[in-house]
Amino acid sequence: MGQFDNVTIIKKANIYYDGKVTSRTVVFENGEKKTLGIMMPGEYEFGTAQKEIMEIMAGVMEVKLPDNTDWITISAGQTFEVPANSSFKLIVKEIADYCCSYLN
């Protein structure tokens with residue numbers, strides 16, 4: 001899907017790690033939420049409240065998922081899933097464009 005129709009965009013940005021990770025929240029008519037964002041190269045750790053699906057549209061990163069000792073490489077066109085109430089680590093190798101979907 002290349003675009004989202006009939007949505008509300010929250011104007012206030014989500015800013016993390018001194019501006020190295022930013023996103024905007026998109027709210028759909030049915031209440032579903034996604035964020036669209038950019039991650040600059042660096043190392044990050046994020047926590048989840050809900051299950052998340054991260055779609056990488058551009059860039060390359062190493063991902064360490066909860067309860068995993070191995071890092072996996074994720075690049076443009078790939079996704080990964082993170083369970084609710086957990087955390088995951090990222091090593092972003094090049095600027096990453098992403099879409100995060102929040103699931104109940």
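Readers should treat all values here as calculations from the given coordinates under stated rules, not as data from a laboratory. Please read these numbers as outputs of a predicted model, since none were measured by experiment. We place every Cβ from the backbone using ideal geometry, glycine too, and count neighbours over all the protein chains shown.
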Q) What is the local net charge at E81, summed over the other residues whose Cβ is closer than 10 Å to its Cβ (Lys, Arg +1; Asp, Glu -1)? A) 0
Q: Using Cα centres only, tell me the gap between segment 1-34 and segment 41-100 in whole Å.
A: 17 Å
(Q) Take the chain, mark every one of the chymotrypsin sites (Phe, Trp or Tyr not before Pro) that falls in a DSSP loop and has at most 14 other Cβ within 10 Å, then report the longest stretch left between them, sites excluded. (A) 5-70
Q: Using a Gaussian network model of the chain whose springs link C-alpha atoms within less than 10 Å, name the residue from N68, N14, N30 with the highest mean-square fluctuation.
A: N30
**Q.** For V60, residues with placed amide H under 5 Å, excluding near neighbours
**A.** K93, E94
Q | Evaluated at q = 0.10, 0.14, 0.20 Å⁻¹: base-10 log I(q)/I(0), Debye formula over Cα of segment 1-82 | A | -0.28, -0.55, -1.12
Q) If we count trypsin sites (Lys or Arg not before Pro) as exposed when they sit in a DSSP loop and have at most 10 other beta carbons within 10 Å, what is the longest stretch of the chain that avoids them all? A) 13-104
**Q.** Gain upon complete extension [E43, F28; 0.36 nm per residue less C-alpha separation]
**A.** 2.3 nm
Q. Residue by residue, what Karplus-based ³J(HN,Hα) values in Hz, rounded to whole numbers, does segment 13-19 have, using 6.51, -1.76 and 1.60 with θ = phi - 60° and x for Gly and Pro?
A. 6, 8, 10, 10, 6, 6, x
Q) When we measure straight from the Cα of K64, which lysines land under 27 angstrom away, once same-chain ones fewer than 8 places off are left out? A) K20, K33, K34, K51, K89, K93
Q | 3J(HN,Hα) from dihedral phi, segment 78-90, Karplus parametrisation 6.51/-1.76/1.60, rounded to Hz, x for glycine, proline | A | 10, 10, 9, 10, 10, x, 5, 6, 9, 9, 9, 10, 10
Q.
Could you give each residue of segment 37-43 its phi-based ³J(HN,Hα) in whole Hz, using Karplus coefficients 6.51, -1.76, 1.60 with θ = phi - 60°, and x for Gly or Pro?
A. x, 10, 10, 7, x, x, 10
